[in-house]
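Single-structure report; data block below.
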Amino acid sequence: MTTAEQTEKPDSIPTVLRLLLVVEEVARQGVPVTPSEINQHLGLPKPTIHRLFATLEAEGFLQRNLDGKSYAPGPRLRSLAVDVLSSRRFRTARLAVMNALAEDIGETCNLAIPDRDEMLYLERVETKWPLRIRLPVSSRVPLYCTASGKLYLSSLSCTQLEGYLHHAKLERHTARTITDHDLLRKEIKRVRRNRFAQDNEEFMEGMVALAVPINDQRGRLLSTIAFHAPIQRMTMEMASTHVERLRQAADELARLVVEGA
């Protein structure tokens, strides 16, 4: 039974609810979709579904993809998602998990979400060490040279990844930054296989980082949980010993989202 059938007959659904149903289906799909694909679930008249998409695009809730035919969440919808995840009730529980993680590892931990061609830092718990690396909440970092970013790239389909690689400008940030497309493909395959990602001084000299995914009930990447540290205190080999502890925290955070904490 479709979403629309569960509610009312398509022609009797109020316009406001129709807009919400479209947004819900776009978010549920998790990939750029066309109006026709969404309408397979909603069963609305063809002119209606195209009018709803046009309205949502004009208001910034949807954004047309590079192919000119499909749509993805726009800036207002992405901002709405961040606001929901940042609600006080959820944030209190989330910080408890992250504080325990930072205490166990002894380094700064962060939560990041994908936002177009960058990762956006949503939350951060600082290390107690005076020597620390400043990447505050709301910082935006590249996908191709950060642990969280590479983890997100590993969640894309082969077609989506190739689309990103075709348009991405792989600028060098350090001597270790991967700027060769073939090498980056190999790195992303390794991340898919290992289910964690590393940043071995690729984004900032003197910093290593490790990230694991926080997945939803369908196994799709919601966000990433990571820690970073200066190489004076932690090598990449030492960082890798904390993978299971990171995964434990990721599972706890995923449960908070499902349970609506």
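The values are calculated or read from the model by the stated rules, or taken from the named source; none is laboratory data. As the structure is a computational prediction, the values presented were derived from the model and not from experiment. Cβ: placed from backbone, ideal geometry, glycine included. Neighbour counts: every protein chain shown. Note: accessible area is taken over every heavy atom of the protein model, side chains too, but ligands, DNA and RNA are not part of it. Shrake-Rupley method; radii C 1.70, N 1.55, O 1.52, S 1.80 Å.
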Legend entry - Approximate spin-label separation E126-Q217, in nm, with each point projected 7 Å along Cα-to-Cβ: 3.9 nm
Inset, instruction - Write down the accessible area per residue of the chain in Å², having rolled a 1.4 Å probe over the full set of protein chains. - result: 52 Å²
Legend entry - Of A96, L151, F196, farthest towards positive along the dipole that unit charges on Lys, Arg, Asp, Glu beta carbons give segment 86-209: A96
Inset, instruction - Please list, in chain and number order, the residues 5+ apart from E123 or on another chain whose amide H is under 5 Å from its amide H, with Hs placed from the backbone. - result: L111
Legend entry - Listed residues H181, H228, H166, most fluctuating in the chain (Gaussian network, C-alpha, under 10 Å): H166
Legend entry - With DNA, RNA and ligands ignored, accessible area of V243 (1.4 Å probe; Å², nearest 10): 10 Å²
Legend entry - Residue-averaged [θ]222 nm for the chain, counting only DSSP H segments that reach four residues, each worth -39500 (n - 2.57): -14500 deg cm²/dmol
Legend entry - Sequence of S79, S138, S223 when ordered by accessible area, the most exposed leading, probe 1.4 angstrom: S138, S79, S223
Legend entry - Projected label distance in nm at R116 and N194, using a 7 Å step from Cα toward the beta-carbon: 3.0 nm
Inset, instruction - Report the extension gain between E171 and E37 in nm, rounded to one decimal, defined as 0.36 nm multiplied by the number of residues separating them, less their alpha carbon distance. - result: 44.7 nm
Legend entry - Neighbour cut-off at most 15 other Cβ (10 Å), DSSP loop, trypsin sites (Lys or Arg not before Pro), segment 151-256: K169, R172, R176, R195, R218, R220, R233
Legend entry - Within the accessible area of the chain (1.4 Å probe), percent carbon and sulfur: 52 percent
